[in-house]
Amino acid sequence: MKPYAFDYLAAGSAQEAVALLAQLGGDARILAGGQSLMAVLNMRLAQPSALVDISATADLNYVRVESGHLIVGAAATQASVEWRAGLAGEVPLLALAIPSISHFQIRNRGTVCGSVAHADPSAELPLVLTALDGEVVLRNKKSRRSLKAREFFRGMLTTARQPDELVEEVRFPLARPGQRVAFLEFAARHGDFAIASAAAVGHGRLIRLAVGGVADRPIVREWEGLDESVIDDALNEFAWDLQAQDDHHASARFRRHLVRRLGKKAIKAVQAKEA
Amino acid sequence: MSQEVVGHIEDASTARAHVGRSIPRIEDATLLTGRGRYGDDVGVKPGTLYAAVIRSPHAHAHVRGINAQTALALPGVRAVLTGEDIRAWSRPFVVGVKQPMEQWALAMDRVRYVGEPVAVVVAESRYIAEDGADLVAVDYEPLPVAVEIEQALSEDAPVLHDKIGSNIVSERRFSYGDPDKAFAEAAHRVELVAKYPRNSCTPIEGAVVIAEYISPEDGYEVSSNFMGPFSLHTVMALALNVPGTRLRHRGFRDSGGSFGVKQAVFPYAVLMCLASRKAGAPVKWVEDRLEHLTAATTATGRLTRLEAAVDAEGRITALNYDQVDDCGAYLRAPEPASFYRMHGVMTGAYAIPNLKIRNRILLTNKMPTGLVRGFGGPQVYFALERLMQRISIELDIDPLLVYRRNFIQPDAFPYRAAAGGLIDSGNYERLLDKAISVGRLDELYARRETARAEGRLYGIGFSAIVEPSISNMGYVSVVSLPEKRAKSGPKNGGIATATISIDPLGGVTVVVASSPAGQGHRTVCAQVAADVFGLDPKEIVVNVDFDTQKDAWSVAAGNYSSRFAGAVAGAVHLAAQRLKEKLASAAAVHLACAPEEVLFREGRIQVAGDASRSLPFARTAASAHWAPALLPKGMEPPLRETVYWTPEQLSAPDEKDRVNTSAAYSFAFDICAVEVDSDTGKVTIDRYITGHDAGRLLNPALAEGQIRGAFAQGVGAALMEEFQYGSDGSFLSGTFADYLLPTSCEVPDPIIVHQETLSPFTPLGAKGLGEGNNMSTPPCIANAVADALSVKEVMLPLTPSRVMDLIGIDDPPSVRAPTDAPSPVKGGRALTASGEVRLAASQEAVFAVLLDPSALAKVIPGCNELQSTGENQYKADVTVGIGMIKARYAAEVTLSELDPPNSLRLSGAGLSSVGSAKGSGIVKLEPHAGGTLLKYDYEAEVSGKVAAVGGRMLEGAARIVLGQLFEQLGRQASGESPSSARPSLWMRLLRFLRRAK
Amino acid sequence: MSQLKKGQTHKVTLTLNGSVRSGDCEARTLLSDFLRHELGVTGTHVGCEHGVCGACTVQIDGVAQRSCLTLAVQVEGRRVDTVEGLSGPEDGLSGLQAAFRRNHALQCGFCTAGILMSCEDYLRRKPDPSAAEVREMLSGHLCRCTGYTNIVKAVLETAAERRAAVSS
């Protein structure tokens, strides 16, 4: 399975990358880690006329802490975040979720921003970004704009990104004192895409639960206090609201069931112990 | 004659210096350092071209025409091979069931399964060949399909081969003993329906074929990783219209796994020979993963109704099998071997004198079947071993007691089973006891009790199997009636060959036609020969790259049916013995002793009892090269021996349809304990014990390797592997993200228990053990899960979804919304979309847009061109995409059921290089708040490559695309012009989303 | 910024197993094909071309990655290591390769090269992995022959040997 022919341009800088996007139009694609795009190209499921390679663009390759966020540049690999020494303290939800992303070898090249831009409804990074109410910075030739995760993810494989825009960086809020997080995923095998996943953040009485793999994108719900008596009903309503679909991997019923079970485990894990 | 040496592995090694030891492999250093010589690693002749195969996206269709003009005009494309060429230069493949059905190397006027080869593009590189393939236009007229077994069996099913008139191409009944009487007198009758899914052992290396057409006189030469059986050489030669001697077939030294699967390389060997003829140059084809999963081969899917007549103590007195094998779109040689390989031992490990069998071979619009490790065994034992559990439950007898009471007893061997299998040796109960004790079954029973007390789902299962090895090449003929067999002459036997030669420096070479794919044949052959000659295995050279024109081989040659240990290694031993005897005679002259007194030991040839009288092996063995005249009078130079060995027990089926289908029979007894997670349906194996008796183990480490590998494949078959098809026959498992193989996280470490009950029928007393766990593990795990969940019906694979269905899901309704969005999954990828769009335009204006082609062209997303082809009918060129996937479709759009200005039906069908799509929907218009409310209810099916790969990425995609269509319709109708002539997908989507919410 | 047009041939220069090598390719040529057919190092194998089986895994600048999902042009100026570059004192086998042989951790050998390259990268980062961690890392490689257990053993043995060598 070999790709169609395309032009290849390696962007030397972020500015060059967006200039190329503006110039080449909708038929060009950004090549970051390539772990999704190359598979699609090898199978000839897409025929871009040009690839703009940012995988070696130095000024896009950064992971840094700034203004209360862990900021990951477009060329930074998932591994560079995964193996980061302080990650468990900085963004513990990422430390929990990243090992479930595919496999070691894929994470070595796949990028954080690439996964976010691809917006697979089962993907872990969009789920974490949504759970933490993180941000996506989009940049085109003329300007930058920042969107919250829930504004960015529009549907299955669909985001607010315009064809002339690059996902320049994503920002994960750093953990706040007293905050608890949990991540659970159910997949057919280790490393497979999630049939359903749950990421929870608890702070005081506030519970925030994001579910992936069920709707066409990660969906978040928040509750101010969830007693034992209401938690099952709340999860049930959430499960139905997600409008699960049947497919060859799981039925809608099974997915709702997983939302109830995984969601409950996640919520319990982040609920503050009452005095 | 019978040598019963029962012992642990450690004991057996004292008898011989090398056989029975776990010596490291001679293959490894080369493979570990990247110097393997797999098919795509070896060089090719300059001027060799590369092939890409064009395959049908439809499960059943007429092929109306092929247009390769554009492809041929592409620089680098050198030829396109089509059905016309096939018809001129070849014949259909012969097969063991005589019916008016034809399978050629390419589809002729009809395609019958998704992935069926339709044409071949030959170009200067694979990249260009694929470019060319995309430019070939094939005109298909889809036909109704017969996909599921039950559906294909029915009276009104679409028929695949018109001349046959039915999809059942063979029906045979067999009766042994007096089964009806046994059932009538039975204290109990226990029955079961079992369904075994289509799956494959998918080696990591696919097929590789390098073919060259030499000339009309000299025929063809082909190199490939075809693994046998070489009975198929005749099938290939006959298809190519050449004598077998004019088809030279060579193997590569290394093959990246086969597990039976590379038997199905043979039609591609023929296809590429013909491609080479067309192109006027050698042609190389490397099968890619999508091709392999879609169209290489699969195990048969089998539907079995099995009933047992059982006495009050759980002894089975009769079995009644009703089996249907789904063999795919064409019965392809060596089918119906999946049925008949096991025929002689359909009674398994049990002494059951009465047997009734009905076998039906069914064709369906799915890929043709073939050899897959286990080969017929997994299908039989899934039914039989599940039935053993049912007997235990329904009669309330401990399962182990049921086994003990039914096992063939040790003093009954060689045991003639009801259908003719002659089981050479065994001691089943002793191995059962050993497995229980080593595996600590008592601990597992305790864990089960504790788990159940805690409300957890924990179960224990067993399975016992007889694993046949060294096939009787005559077994397939039992599909024909005895009268017919008598007419065409008996077929029987299983010839193994080995050649041993001495070179002028006294070096020993062994040549076997065994086509290994990782089993370590070269190492074991070296061990066997080394023992005979008193040498070190490192001194023996073993060559396995066979050449049909130069090497000794037979129709049974190849690597299948676990024949190596018993037959091939046995033949090596016999050849080595013969050569040794001759060398001993020659050496005896020099040593002045009798030939019987000559010993071969540690590289020397000596007189027994007097080490001072000895000669070096190498020089002595080579002396016949240099001074043949000095040999004893009348003696031929002892330089080369070829042995053809066939076990005499492999006779042709008799007039009562009894046939000994294999020469040797191993035995395995497995125990499995599982815990099932009631939240997720995930099955975790707590402990797995597998006991094996395969006679003499030639290299214990390699034997255990075979067991572990087969076990991993058994876990896959039990829990996750299945080739899935849509109800329209579209193939849905085209990548390794869809067809799931177990990884290191899913395969536990089994406890392996050995026993060696030698075979009296093979030269070394060895039996095959390569396929045991493919047969024993799936039913063992299934039994454990059935025990955990207390259910009767268990279907493979036991995916979390299936397990949750068995457990039952509590799905309390929502307080607010009545139901979730209906989305029944039918067809390829069936996607439904419904919604409404509010439009600031009148109904009439909206309707007018739909009837106006130029306006419609702007409405259909990605529409590049729209041409009217009739009243309300259009041909459209449409680019459709979602996410990063995009494809250009040649589509037909039709408007029908017009009720202006209220409603109409909009239908479309399109074909692209990524597959086909079709859909139909009702569009309704209503007045609303000064404008129009457009409601649509649309259903689409997507099939072909785009359905086969990453289909999950497409779910919901049609919703978005269709949403775009109707949103655009609204814009068009309300006179809003898009911001640019062809607005981007994303702009349209944004506008749609804001409007529709 | 380099611009490579479709259909044209480009020259790529890289350091392969320590030696500078050059070869020709198109923009779309996969690294797996470039290594095997242009540079002639056929030890790296191709099993799926969609990044799942792991047979094509090589190291780029020491990091284990799928060569089937990488373009040849992307390794311009880089260091690429393949199985041919692993070697050692025992029959030319490195400690890891010798451990594979000792433990019967390969049968057909087709998936082996990729696994070796992953393991070398992983063991550099994690010299003391648990069996579970090794299995997790190996889950990115599909093997149909061995059932994985012997591979895990070989890796753990090698890790222990290397730790012992370091401390002595």
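Amide hydrogen proximity for B:I751: with H placed 1.01 Å from N in the peptide plane, the residues at 5 or more positions away or on another chain lying under 5 Å are B:Y688, B:I689, B:T690. Positive-end ranking of A:S229, A:A215, A:V201 along the dipole of the stretch A:180-272, with charges on Cβ about the Cα centre, is headed by A:V201.
Rounded to the nearest 20, the Cβ-based charge dipole of chain B about its Cα centre (Lys and Arg +1, Asp and Glu -1) stands at 1580 debye. Spherically averaged projected area of the convex hull of Cα atoms, the stretch C:10-84: 4.1 nm².
I'd like the FRET efficiency for B:L505 and C:E38, computed as 1/(1 + (r/R0)^6) with the beta carbon distance as r and R0 of 35 Å, rounded to 0.05.
Working from the Cβ atoms, E equals 0.35.
For a label point 7 angstrom out from the Cα of A:D133 toward its Cβ, which stretches of the stretch A:157-178 have the backbone nitrogen within less than 20 Å? Correct set: A:170-178.
From its DSSP helices (H runs of at least four residues, each -39,500 (n - 2.57)), chain C gives a residue-normalised ellipticity at 222 nm of -9000 deg cm²/dmol. Using Cα pairs under 8 angstrom and six or more residues apart, how large is the relative contact order of the stretch A:181-269, in percent? Relative contact order comes out at 29 percent. Each 5 Å bin from zero up to the one holding the largest Cα-Cα distance in the stretch A:180-272 carries the following percent of pairs: 3, 16, 27, 26, 16, 8, 4, 0. Remark: spin-label model distance B:R619-B:Y644 equals 3.9 nm, labels positioned 7 Å along the Cα→Cβ axis. Once both labels are positioned 7 Å from their Cα atoms along Cα-to-Cβ, the gap between B:L630 and B:A453 label points is 8.3 nm. As a calculated quantity, the FRET efficiency between B:S612 and C:A131 at R0 = 60 Å, using C-beta atoms, amounts to about 0.65.
Take each residue in B:679-687, count the other chain C-beta atoms within 10 Å of its C-beta, and the mean is 3. Loop-located trypsin sites (Lys or Arg not before Pro) in the stretch A:108-149 (DSSP state not H, G, I, E or B) with no more than 12 neighbouring Cβ atoms inside 10 Å: A:K142.
The A and B chains share an interface that buries close to 5400 Å² of accessible area, total over both sides, probe 1.4 Å.
The angle separating the long axis of helix B:985-996 from the principal Cα axis of greatest extent in chain B is about 60 degrees. Relative to a virtual label point 7 Å from the Cα of B:S488 in the Cα→beta-carbon direction, which members of the stretch B:222-250 show backbone nitrogen distances below 16 Å? Residues B:231-236, B:238-239 qualify, since their backbone N sits under 16 Å from the label point. Rounded if a/c is under 1.5, else prolate if a/b beats b/c, else oblate: with a ≥ b ≥ c from the C-alpha gyration tensor eigenvalues square-rooted, which is the stretch C:95-163? Prolate, because a/c is 1.5 or more and a/b exceeds b/c. Highest mean packing comes first when the peptides B:717-725, B:404-412, B:343-351 are listed by Cβ atoms within 10 Å, giving B:343-351, B:717-725, B:404-412. Here is the size of the stretch B:772-815 from its Cα atoms: Rg then Dmax, 13.4, 53 Å.
Sequentially through the stretch B:249-262, phi angles give Karplus couplings (6.51, -1.76, 1.60; θ = phi - 60°) of 10, 10, x, 8, 5, 10, 9, x, x, 9, 6, x, 4, 7 Hz, Gly and Pro residues having no value and appearing as x. Computed about the Cα centre, the dipole magnitude for the stretch C:95-163 is approximately 100 debye when only Lys and Arg (+1) and Asp and Glu (-1) carry charge, each at its Cβ. Length gained on full extension, B:K163 to B:A187, computed as 0.36 nm times the residue gap minus the Cα-Cα distance: 4.0 nm. Here the Karplus relation 6.51 cos²θ - 1.76 cosθ + 1.60, evaluated at θ = phi - 60°, turns the backbone of the stretch B:77-90 into coupling constants of 8, 10, 6, 10, 9, 10, x, 4, 5, 4, 5, 6, 10, 8 Hz, with x for every Gly and Pro. Can you figure out the FRET efficiency of B:E892 with B:E124, using R₀ = 51 Å and their beta-carbon distance, to the nearest 0.05? The value I calculate is 0.90. In a DSSP loop and with at most 11 other Cβ atoms within 10 Å, there are no trypsin sites (Lys or Arg not before Pro) in the stretch B:338-384. The simple spin-label model puts a point 7 Å past each Cα toward its Cβ; for A:R189 and B:R416 those points are separated by 4.7 nm. Maximal additional length on extending the B:T245-B:E429 stretch stands at 61.2 nm, based on 0.36 nm per residue less the C-alpha distance. Using a Gaussian network model of chain C in which every pair of alpha carbons under 10 angstrom is joined by a spring, one finds that among C:G77, C:G62, C:G140 the greatest mean-square fluctuation is at C:G77. Scanning residues 5 or more positions from B:S170 or on other chains, those with amide H under 5 Å from its amide H are B:I361, with H placed 1.01 Å from N in the peptide plane.
Note on the stretch B:185-227: dipole from Cβ charges, positive end direction compared against B:P203, B:Y220, B:L192; the farthest Cα belongs to B:L192. Between B:A351 and B:D852, full extension at 0.36 nm per residue minus the direct alpha carbon distance yields a gain of 172.6 nm.
Total buried accessible area between C and B, probe 1.4 Å, nearest 100: 3800 Å². Distances between placed amide hydrogens fall under 5 Å for B:L615 paired with B:I605, B:Q606, all partners being 5 or more residues away or on another chain. Once the Cα atoms are used to define both axes, helix B:521-533 deviates from the longest principal axis of chain B by about 0 degrees. Only Lys, Arg, Asp and Glu carry charge here, each on its Cβ (+1 for the first two, -1 for the last two); on that basis chain C has a dipole of about 200 debye about its Cα centre.
Ignoring everything except DSSP H segments at least 4 long, calculate the 222 nm mean residue ellipticity for chain B; use -39,500 (n - 2.57) per segment, divide by total residues, nearest 500. -8000 deg cm²/dmol, from helical runs alone.
Of the solvent-accessible surface of chain A, computed with a 1.4 Å probe and all protein chains present, 49% belongs to carbon and sulfur. Computed 3J(HN,Hα) for the stretch C:97-106, one whole-Hz value per residue from the Karplus formula 6.51 cos²θ - 1.76 cosθ + 1.60 where θ = phi - 60°, is 5, 5, 5, 4, 5, 4, 9, 6, 8, 8, glycine and proline marked x.
Helical content of chain A, expressed as a calculated mean residue ellipticity at 222 nm, amounts to -8500 deg cm²/dmol (DSSP H runs of 4 or more residues, -39,500 (n - 2.57) each, divided by residue number, nearest 500). Pairs from the list B:K682/C:K153; B:K491/B:K550; B:K484/B:K656 with a Cα-Cα gap above 19 Å: B:K682/C:K153; B:K491/B:K550. Bridging of B:K487 to aspartates and glutamates at a Cα separation below 14 Å is possible for B:D654, B:E655, once same-chain residues fewer than 8 apart are set aside.
The values are calculated or read from the model by the stated rules, or taken from the named source; none is laboratory data. The model shown is predicted, which means the values in this text are computed figures rather than measured ones. Virtual Cβ from ideal backbone geometry, glycine too; neighbours counted across all protein chains shown. Please note that ligands, DNA and RNA were not included when accessible areas were found on the heavy atoms of the full protein model with its side chains. Shrake-Rupley method; radii C 1.70, N 1.55, O 1.52, S 1.80 Å.
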